[in-house]
Structures are given as structure tokens and as C-alpha cells.
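Derivation of every value follows stated rules applied to the coordinates shown; laboratory data play no part. Just so it is clear, the structure is predicted and the values come from calculations on it, not from any experiment. Reconstructed Cβ throughout: ideal geometry from the backbone, glycine too, with neighbour counts over all protein chains shown.
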Amino acid sequence: MNSIKQFLARIRPTKRRLAQLYFALLFNANLRGFAQGNIYRGQSKGLCVPGLNCYSCPGAVGACPLGSLQGAFSAGRSTLFYVGGILLLYGVLLGRTICGWLCPFGLIQELLHKLPTPKLKKSRVTRVLSLLKYILLAVFVFLIPIAYAFRDVPLPAFCKYICPAGTLEGGLGLLANRVNEGYLSMLGPIFTWKFLLLVSIVLGSIFVFRLFCRFLCPLGALLGLFNRVSVFGVKLEPASCVSCGKCVAACEMDIRTVGDRECISCGKCMAQCPTGAIRWKGVRKAGPSSDQRSPALRLGIGLLALAVLVGAVIYFRNKEDPSPAAGYETGERCPSASLALLSGGTVDPAAGGDVTLINFWGTWCSPCMRELPDFDRIASEYAGRVRVIAVHTALEAENAQGYVAEHFPQSPILFAVDSPGSPGAVTDAFYAALGGRGVYPYTVVLDRDGRIAGKYYAAVDYDTLRRAVEALLRGEEADPITTDAPLAHYRVRVTDERGAPIPDVRVQICAEVCLSAKTDADGCADFTAAAADYHAAVTVMPEGYALPTEQEEFPFEPGTQEVVIVLRSEAN
Amino acid sequence: MNVTYRRFRSILGWLTTGVYLATGLCLTVACLRISRLGPHPFTPETVRAAFRPIRFLPALCLALSAAGLILDAFLPQAAPKGTRDARRSPDPNGAQKSVRLPRLVLLGLALVLLILGVAGEGVAGVIAKAANICSECVGLG
Ligand code: SF4
Ligand code: SF4
Ligand code: SF4
């Protein structure tokens, strides 16, 4: 009996744990998003929540302050003021109390640390490591996004290369739903890296208390700077402190003093202090003040909090998504973007009104060049009803302008600029959002509402395009080409004459479609594609090398799936 | 009785550790194996094929953790061991300076920034980013 009581006492959640669970649920009250595999798009997304909670999480009803800050550098002054103001307000009011009581990712790590294994204790090494998060804050949240913002390219470097909350809540949260299986094919090396980082952090958090918070989290680093001035939090009463060091010993964070930049105001140290010198800021006497409140008041607060949570869950469950989904799937809205045109001016493919064809092409992709005249014909015949936007790939766009001037001088096709760094150029994010980059030619068909009606991962001809366009103009559905061919793996290896691999060479394989990639350190570029008779080619000759003969295309011999391209070093 | 219990608990702890580490390793290997298939190698088929052989691991982790947690809850708790920093005393003087003025200045600054931001439609900038799936967060690149 006694041991049952003991067991129940041990598993009884603390007030802090209840608060953490409460806010994790409140910040992710859009439970419908998990079932539907989509994110919430309403006005509440304009408010940054106090804590690291990814806005690409299907449940998220607010914005992530860290992601918003990185985005704000390239979003304009008002957004920067707004996000800066919110962060400053959170810092001054709560400091890292946010980490201890509100942040969902902190909760996840604490729960992982509960798993019964031997644990790693804090030490001088961990204290030094705790400075790492300040470096990440400076480099990934400020320096890189600001540097890219000057070139008009938004690059949230922390989100892109590190954030495990993004990979877990946004990435796995979305991918866990079958409806998002289409995203899988868009994942590449960055996902591999982020996934492995997530695995390491999750595993590490089992053995090391709040591994990510202590060593890596830039938001914790930023909030920690406000700990001394924050309105809420814990505080050491110097007059009562006898410097016994019990608080520092009991604390699992890398603090030097109670309430310093590493303190997350969890309050665990209070019970350890023999003189009651640690107290909540704003509370006169030491000790857990809330226990002195009347039971009726405590019940009232509890019920009110519960009512707010239940209300939020019901509200987001019933609220119609204000805007249709934007993204990659057929039926979703094409993401809005202001694409700069070679001829000057800009175009927003998602603007709607006309049926729109977005064609991704490249001068190095022969199927692309073969199909472009068909797009030209459609654009001319359906002028005023159909818009054709052709986007030259950013891979090597220097000769695109000349090609367009020579072959399509009077064409009604809207040729969009696609060179990274130029203002308005098509970004990787836009490609990715539409499921592009990697296969050429690639065509997306939008209906008059800017919704994706079909995607063609292959060359299309005039008749197919005309059928799709006619159907959409009549208000019917387009009929996208799907290839049922089995997938196969192909490898192109680039070496010099002595057989040494040449890395970083852009190569392609083409059949009905072209796929493009760069060679790795072993000189290899690997492709997974519908089985076909491909031939390989070097798209951009590396400096100092040339092809030894006139031969430019290298067929895969029937039955083989590897081709070796030997380049001659011009130094010889 | 207690000693046997504790020894069993400790063995279980290390066993659980081993299984967690093995799970992490398997996940890493599975992901790396998929990523070697090409530039965009993740498809429902490749993912399923890579994770099928290790699908029992989460259940094993869960079972071992549950066993450990239950044992822990029944075992009498050991007195908390001090860390190596146990002798380090806090520096009570560090917290003594008044923070009222900087707090007020920062609060004022926060409010000014917020008002400027909201008036200049800064909220729309945040919504534009937060209401669309962020390819960087997800790991799409
Ligand atoms: S990836 Fe991380 S930092 Fe970026 S928005 Fe998501 S949670 Fe925030
Ligand atoms: S350090 Fe970062 S992840 Fe940890 S609790 Fe604080 S904000 Fe959340
Ligand atoms: S100093 Fe106290 S309140 Fe702060 S993190 Fe450590 S135990 Fe928690």
C-alpha cells in the first residue's frame, strides 16, 4: 500500500510540468492539422508564441519567434520592429522563465531525460559548451540571414541547417501524414543532415539534461540575456544567502549563480536552500507562494486555464481555414511570389485570372528546348486567356537571355529571371514549394484560381497542353501525365585521365526528361529516375578541363547503369 | 532484497541505454543508406524499405523505459548526489544591482518597437512566413 502511495506521489506532475504541458497544447491547439497533414493559416499566425514552437508544425496556431526573427531581416523594417518588439517584451517580462515553464521543445527534452538511464552530470566542460549557443545565435540567426537579406535572398540559416524543432514538428509532423508523401521526393541532403542532427539531439537529451537548451538554442541564449532584468523569474536574496553552494549543486543547468543567464527559473533550487534565500521575483517572502492561496482561488485559476485551452481547441477545430492551402499538391494554391521578368517587370504566378502554365527549363536540357516552341504556340493561340511563364533554372543561367533573344524574340511567353541573388529571382524555396529542382523539364498547370491543376514531370507536347488548357478553360480538371515506369538508379562518374575523381561537376542525364546533379567527392553523381535510355553529359565544364574528343553525350550501355566521363586536364 | 533490486535496476538502465544507442545508430544508418540513392532519394518506397527491418525498436525502447520507470518509482530514492560544482558558492553580490531603470527603458523600447511594427503592417510580414509551410524548417532546403 505504502509503495503504491509512494509510486503515485512520484508520478504526480508538478505545477511546472502541468504548465509546460498546458502551453505545449495551447500553442499547438490546431489538432485538426495533425489529422489533415496541413498547417494552420489564420490570423493568429501573426503572433509569435513565447517558446520554440515551429510554425510549420501542423498544430501550431502561432509563429515561432526565432523563425520570424530570421525572416524579418528580409521582410522589411516594420516586420523587424514588430518581431524585435515582441522578443524584447518577452525577454523583459519573462526572460528564460519561458524556457522553464512555457517552451514545448524544453518540455520534450525534459521528458526524454526522464527515461531511466544513467545520466551525464554537468561540469566545467558543459559550462564552456553552454557558450556555443551564443555563437549559433550570432552566426545563424543574425549574421547569415542579414548578409543574405542585403542580397534580397531570405535565408533563415538556423531553420535551414540546424533547428531540430523544425525537423521534428514541421518535418516529421507533416511527413507522418500519408497525404504528404509527395514531399518525400523533394527531400535531399539537407534533410538527411537535419534528420541526423535531430536523432543526435533526441538521443543526447536522454542522457544530458536539456542538451539542446543548454548548448545550442539561440532563443534560450537571447532570452538569457534578459534574465537579470526580467520581471518574472527567480532571484537570490543576498542578505539571507550563506554561500553554501547547495543551489548551484542541485541545479541541472550550467548556472554560476541563481538567476543568471543560464537559469530557466524552474524553482528546483528553492527547496535546497537552507535559508530560503531564493524566491520568486515580486514575492516578498521565500517559499512557494501559490500554496498560500485559498483552495477556491486555485481551483478557479485551474478551471479558467482549462476553459481557455478547451475553448482554443474547439475554436481551431471548427474554424474554416481562411485561405486555401498553398504548396505542392494538386488542388493546393500555388505559392505566391513576385517573379522578375527578363523583359522587365514582375509576375505573380498565383495571381489567378488566367489559366497559367509554369514551365521550368534550361538551355542545357534538350527535351526542354524541344518542347518550348509548343509553349510558345499555346501562349500565342490563347493570348489573353492563358499565361505561360517559363523559368530558366538557376543552375547556369548566363546564356538564357541570349537564347531567348535569338529564338523567341517576339514570344508572349513570360521568361522569368532565375539567378540566385538577383532581386525577384526564383528562389529554391519557390521551386521546392512546387516540387521542382532536380527534374527538367517540369511543368505546373494552374487553374484560373491559381490552384495547381496538374504537374508534368516530363516533356509535354502541344496536344497535351491544349487538352489541359481547354479543359481548364471549360472549368474541368486537367489530366496530368503520370509515369508508371519502374524507378532505377543511375550513376555518372567523372574522372581525369589518370582516373582521379573530379568533384563538384554539374552533370545531367537525359531521356524524355533531364535530371541534373553535381558530382560528390568520389566524382559520382547519383540519380533515381524512371527507367529509360538515358545519356549523360557534363553541363558545366569545370575550369581547367575539357572533353578529350568531340563526343558530348555518353549513353548508358544497355544493362549498365553507370557511365564514366573522362576529362582531359588542360594543364597537360 | 533492496540490493538485488538495485543491481537489477542498474543492469536494466545500461541495457536501456544500449538499446537507445542502437536505435539511434540504426536510424542513422537507414537515413544514410537512403541518401546514397541519389539527389532526391526519399520516396515512400525507399523510406518504408529502409525502416521496415527496425520497426520493432521503438516498442522495445518503450517497454524497457516503462520497466525502468516503474522500478524507479518503487525503489526508495537515493539522496541527491552533488555535482562537481557542489563547493562553488553563488555570488550573491552579483544580483544586487537595481534593475528597475534598465527594465523600464527596455520595456519602453519594446513597446515603441511594437507600436511602430504593428502600425507599419509588420504583422503581415510574419503571417506571410508563418502561414505557409516553411521549406527550410521542414528540411526541404
Ligand atoms: S525551424 Fe526552428 S527556428 Fe525555424 S521556425 Fe521552426 S522552430 Fe522556429
Ligand atoms: S532554450 Fe530554447 S528550446 Fe530550450 S526551453 Fe528555451 S527556448 Fe525552448
Ligand atoms: S538556478 Fe534554480 S531556478 Fe534556476 S535553473 Fe537552476 S534550479 Fe532552476
Starting from the Cα of A:Leu172, move 7 Å in the Cα-to-Cβ direction to define the label point; list residues of segment A:87-113 whose amide nitrogen is under 15 Å from there. A:105-113
Report the normalised scattering of segment A:487-569 as log10 I(q)/I(0) at q = 0.18, 0.23 Å⁻¹, calculated by the Debye formula with identical scatterers on the alpha carbons. -0.67, -1.08
Based on the mean of other beta carbon atoms within 10 Å per residue, what is the order of A:406-416, A:247-257, A:31-41, B:49-59, most packed first? A:247-257, A:31-41, A:406-416, B:49-59
List the residues whose amide H sits under 5 Å from the amide H of A:Ala29, counting only those 5 or more places along or on another chain, with H placed 1.01 Å from N in the peptide plane. A:Val61
What does the charge dipole of the protein assembly as shown about its Cα centre add up to, to the nearest 20 debye, if the Cβ of each Lys and Arg holds +1 and the Cβ of each Asp and Glu holds -1? 6500
Would you mind checking segment A:84-127 for residues with the amide N under 16 Å from a putative spin-label position 7 Å along Cα→C-beta of B:Leu69? A:107-118
For segment B:101-141, list log₁₀ I(q)/I(0) at each q in 0.18, 0.23, 0.27 Å⁻¹, using the Debye formula over Cα point scatterers of equal strength and ignoring solvent, two decimals each. -0.65, -0.74, -0.84
Distance in nm between label sites at A:Glu470 and B:Phe51, each 7 Å beyond Cα in the beta-carbon direction? 4.4
In chain A, with Lys and Arg counted as +1 and Asp and Glu as -1 at Cβ, which of these residues, A:Leu198, A:Ile565, A:Gly220, has the Cα nearest the positive end of the dipole, that is, farthest along it? A:Gly220
Could you tell me which of rounded, prolate or oblate describes segment A:15-232, using a ≥ b ≥ c as the square roots of the eigenvalues of the alpha-carbon gyration tensor, with rounded for a/c under 1.5 and, failing that, prolate when a/b is larger than b/c and oblate otherwise? rounded
Could I have the simple spin-label model distance between A:Leu132 and B:Leu109, label points 7 Å from Cα toward Cβ, reported in nm to one decimal? 3.0
Considering only the other residues whose Cβ falls under 14 Å of the Cβ of A:Gly544, what net charge follows from Lys and Arg at +1 and Asp and Glu at -1? -4
Add +1 for every Lys or Arg and -1 for every Asp or Glu among the other residues with Cβ under 13 Å from the Cβ of A:Tyr22, and state the total. +3
So which of A:Lys5/A:Lys121; A:Lys160/A:Lys268; A:Lys114/A:Lys246; A:Lys122/A:Lys268; A:Lys15/A:Lys133; A:Lys5/A:Lys235 end up more than 26 Å apart by C-alpha? A:Lys5/A:Lys121; A:Lys160/A:Lys268; A:Lys15/A:Lys133; A:Lys5/A:Lys235
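Which trypsin sites (Lys or Arg not before Pro) from segment A:439-475 combine a DSSP loop assignment with at most 11 other Cβ atoms within 10 Å?
Those that pass, being in a loop and sparsely packed, are A:Arg474.
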Separation of the A:Leu120 and A:Gln6 label points, Cα + 7 Å toward Cβ, nm: 3.2
0 to 90° range, to nearest 10: angle between helix A:2-11 axis and chain A longest Cα axis: 50
Please compute the contact order of chain A in relative form: average sequence separation of alpha-carbon pairs under 8 Å and at least six residues apart, divided by the residue count, as a percent. 11
Highest average packing first - A:55-63, A:138-146, Cβ atoms within 10 Å: A:55-63, A:138-146
Relative compactness, segment A:29-106, computed as alpha-carbon Rg over 2.2 N^0.38 Å: 1.12
Would you be so kind as to identify which of A:Pro274, A:Ala453, A:Gly171 lies farthest towards the positive end of the dipole of the protein assembly as shown, taking Lys and Arg as +1 and Asp and Glu as -1 on Cβ and the Cα centre as origin? A:Pro274
For the protein assembly as shown, projected area of the alpha-carbon convex hull averaged over all directions, nm²: 37.3
Apply the Karplus parameterisation 6.51 cos²θ - 1.76 cosθ + 1.60, with θ equal to phi minus 60°, to every residue of segment A:238-251 and state each ³J(HN,Hα) to the nearest whole Hz, in sequence, with x for glycine and proline. x, 5, 8, 6, 9, 6, 7, x, 5, 5, 5, 5, 7, 6
By how many degrees, 0 to 90 and rounded to 10, does the Cα axis of helix A:295-318 deviate from the longest principal axis of chain A? 10
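Hey, got the average number of other protein chain Cβ atoms within 10 angstrom for residues in A:204-212?
The per-residue average across the peptide is 1.
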Could you point to the residue in A:Ser366, A:Leu52, A:Gly188 farthest towards the positive end of chain A's charge dipole, with +1 and -1 charges on the Cβ of Lys/Arg and Asp/Glu respectively? A:Leu52
Where does helix A:366-381 land angle-wise versus the long Cα axis of chain A, in degrees 0 to 90, nearest 10? 90
Let me have the relative contact order for segment A:488-572, percent, based on Cα pairs under 8 Å that are six or more residues apart. 36
Convex hull of segment B:2-74 built on C-alpha atoms - directionally averaged projected area, nm²: 5.4
Two-site FRET efficiency, A:Ala147 against A:Asp348, from Cβ-Cβ distance with R₀ of 22 Å, rounded to 0.05: 0.25
Return the calculated 222 nm mean residue ellipticity for the protein assembly as shown, to the nearest 500 deg cm²/dmol, obtained by summing -39500 (n - 2.57) across DSSP H runs with n ≥ 4 and dividing by the residue count. -12500 deg cm²/dmol
Full-extension gain between A:Gln272 and A:Leu297, please, as 0.36 nm times their residue separation minus the C-alpha to C-alpha distance. 6.2 nm
What average count of beta carbons from other chains do you get within 10 Å of the Cβ of residues in A:243-254? 4
